[in-house]
1. Ordered by packing density, taken as the mean number of other Cβ atoms within 10 Å over each peptide's residues, highest first, how do 58-66, 104-112, 127-135, 70-78 rank?
2. Excluding same-chain residues fewer than 8 positions from residue 43, which lysines have a Cα within less than 28 Å of its Cα?
3. Out of the total accessible area of the chain (probe 1.4 Å, heavy atoms of protein only), what percent is carbon and sulfur?
4. How many angstrom lie between the Cα centre of the range 219-240 and the Cα centre of the range 93-115?
5. Translational diffusion coefficient, Stokes-Einstein: compute it for the chain using the Kirkwood radius over C-alpha pairs as Rh, at 4 °C and 1.567 mPa s, and state it as an integer in µm² s⁻¹.
6. Quick one: work out Rg over Rh on the C-alpha atoms of the range 114-170, Rh as Kirkwood radius.
7. Largest first and in whole Å, give the semi-axes of the range 47-88's equivalent ellipsoid, each being the square root of 5 times a Cα gyration tensor eigenvalue.
8. To the nearest 0.05, what FRET efficiency results for residue 104 and residue 152 with a Förster distance of 45 Å applied to their C-beta separation?
Amino acid sequence: MSIGVHRLRIGEDIALKVLFLLHDTMINGGANASLFDVMENLKSEIEIIVAIPFHNWEMEQYLLQKNISYTIIPYPSWIYNLRLSSYHRIKEKTRLYFQQLSVFYALYVLKKIIVGHQIDVIYTNTFCTYIGCLANKLWKVPHIWHIREYGKEDHGFGFLFGEKIFYRFLNRYTSHIIFISHSLCGKYQKLIKDQGKISILYDDISQKYDNPEKIVHEGINILVAGLIQHGKGQLEAVKA
């Protein structure tokens with residue numbers, strides 16, 4: 001596997017170099033789509049390198065078309081589905097435990113990227129992966145963690161090593177934490193010791209989705225944006 005960055009030429013005057021860690025390769029997933037909007041506004045001010053956990057032709061072509069440099073770092077996830085039956089949950093957790101062995105190679109690749117490209121900041125886009133915390137612990141690279149999920153309450157996610165480890169990583173190995181809403185922040189805030197490193201930043205809406213025409217319909221019109229998933233509550237909205 002290549003550990004180089006598929007790099008595109010950008011201005012020489014850009015000082016800050018940020019490595020963005022994506023948890024998956026879905027272009028239209030809410031977390032990634034939001035991040036791409038942010039990158040579009042930041043790429044003239046900072047140097048951006050995106051890391052994805054495995055090869056995906058569609059994602060890689062998308063990044064190239066957007067003039068975004070990228071690399072492949074095979075870091076593992078640490079979340080599992082709490083809503084599985086006991087048998088399937090044990091099976092899933094066992095698979096994940098073995099998958100964690102890949103973190104050693106992922107750290108080797110990550111260090112090559114950090115040193116070779118003089119990365120200033122690591123940004124992790126969801127709580128689904130923790131390797132950014134390890135980079136902060138091992139090499140003192142500033143780490144920003146963007147938390148977008150409740151976890152158990154919305155997606156039925158559990159942490160492989162338990163919630164205590166997750167909170168330890170939030171407190172010890174994260175330089176700044178971004179929550180996407182006050183409600184979400186309220187869940188985690190009481191267990192974060194340094195309140196000064198917390199920010200609340202709502203996901204933006206790209207101008208390409210703006211409709212300049214005023215459309216009037218009778219009754220109430222409701223838009224529920226996002227992938228159709230049980231945890232997002234679309235069924236409750238329809239029933240209501």
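1. Descending mean neighbour count gives 127-135, 70-78, 104-112, 58-66.
2. 17, 66, 111, 112, 137, 140, 197, 208
3. It is 57 percent, rounded to a whole number.
4. Value for the Cα centre distance between the two parts: 37 Å.
5. The diffusion coefficient I find is 67 µm²/s.
6. Rounded to two decimals, Rg/Rh equals 1.02.
7. 31, 11, 8
8. Between residue 104 and residue 152 the formula returns 0.95.
The values are calculated or read from the model by the stated rules, or taken from the named source; none is laboratory data. For clarity, every value in this text was computed on a predicted model and none was experimentally measured. Note: ideal-geometry Cβ built from the backbone for every residue, glycine included; neighbour counts use all protein chains shown. Ligands, DNA and RNA are stripped out before the accessible areas are found, and what is left, the full protein with its side chains, is counted by its heavy atoms. Shrake-Rupley method; radii C 1.70, N 1.55, O 1.52, S 1.80 Å.
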